[in-house]
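One structure is given below, encoded as structure tokens.
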Amino acid sequence: MTTLVRIAPSPTGYLHVGNVRTALMNWLFTRQKGGKFMLRLDDTDMERSTQAFADAIERDLKWLGLGWDMFAKQSDRFARYAEVLEQFKASGRAYPCFENQGELALKRKS
């Protein structure tokens, strides 16, 4: 079984020291195990994610020498998520949220 480890930064900003630490530890671990290192951009925040930040993340990881074997974007799976949601709905295991934004904000705050 091949070891697969990932780093999943969000392209809503530049890499920070926490991202770099996690990337380094994961990269070292997977290289020690002879596995594969994956860069998976968690680009599901459509309002704040930008291609410029995604490019900067890739550039910075390359500059640090932390190359990846596999690449993916979380948004590439939106169709799959929708498909599975429909399966959950059909089986009665998913249901809509009836709370409005104000009620949800109040719950989050408390």
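Of note:
- With every protein chain in place, the stretch 56-110: carbon and sulfur % of accessible area (1.4 Å): 56 percent
- Positive-end ranking of 26, 97, 85 along the dipole of the chain, with charges on Cβ about the Cα centre, is headed by 26.
- Anisotropy class of the stretch 1-88 from Cα gyration tensor, a/c 1.5 cut: oblate
- Where the chain is the region considered: accessible area per residue in Å², 1.4 Å probe: 74 Å²
- Under 25 Å from residue 62, Cα to Cα: lysines that are on another chain or at least 8 residues apart: 33, 36, 73
- Cβ-placed point charges (K, R +1; D, E -1), dipole of the chain about Cα centre in debye, nearest 20: 440 debye
- Positive-end residue, the chain charge dipole about Cα centroid, Cβ charges, pick of 66, 53, 1: 1
- For the listed peptides 7-14, 66-73, 92-99, 19-26, a ranking on the average number of other beta carbons within 10 Å per residue, highest first, reads 7-14, 19-26, 66-73, 92-99.
- The gain in end-to-end length when the residue 3 to residue 25 segment is fully stretched comes to 6.5 nm, 0.36 nm per residue minus the alpha carbon separation.
The values are calculated or read from the model by the stated rules, or taken from the named source; none is laboratory data. Fair warning: this is a prediction, and the values are worked out from it, not measured in the lab. Every residue, glycine as well, gets a Cβ built from its backbone with ideal geometry; the counts of neighbours run over all protein chains shown. Remember, those area values only see protein heavy atoms, side chains included, never the ligands or the DNA or RNA. Shrake-Rupley method; radii C 1.70, N 1.55, O 1.52, S 1.80 Å.
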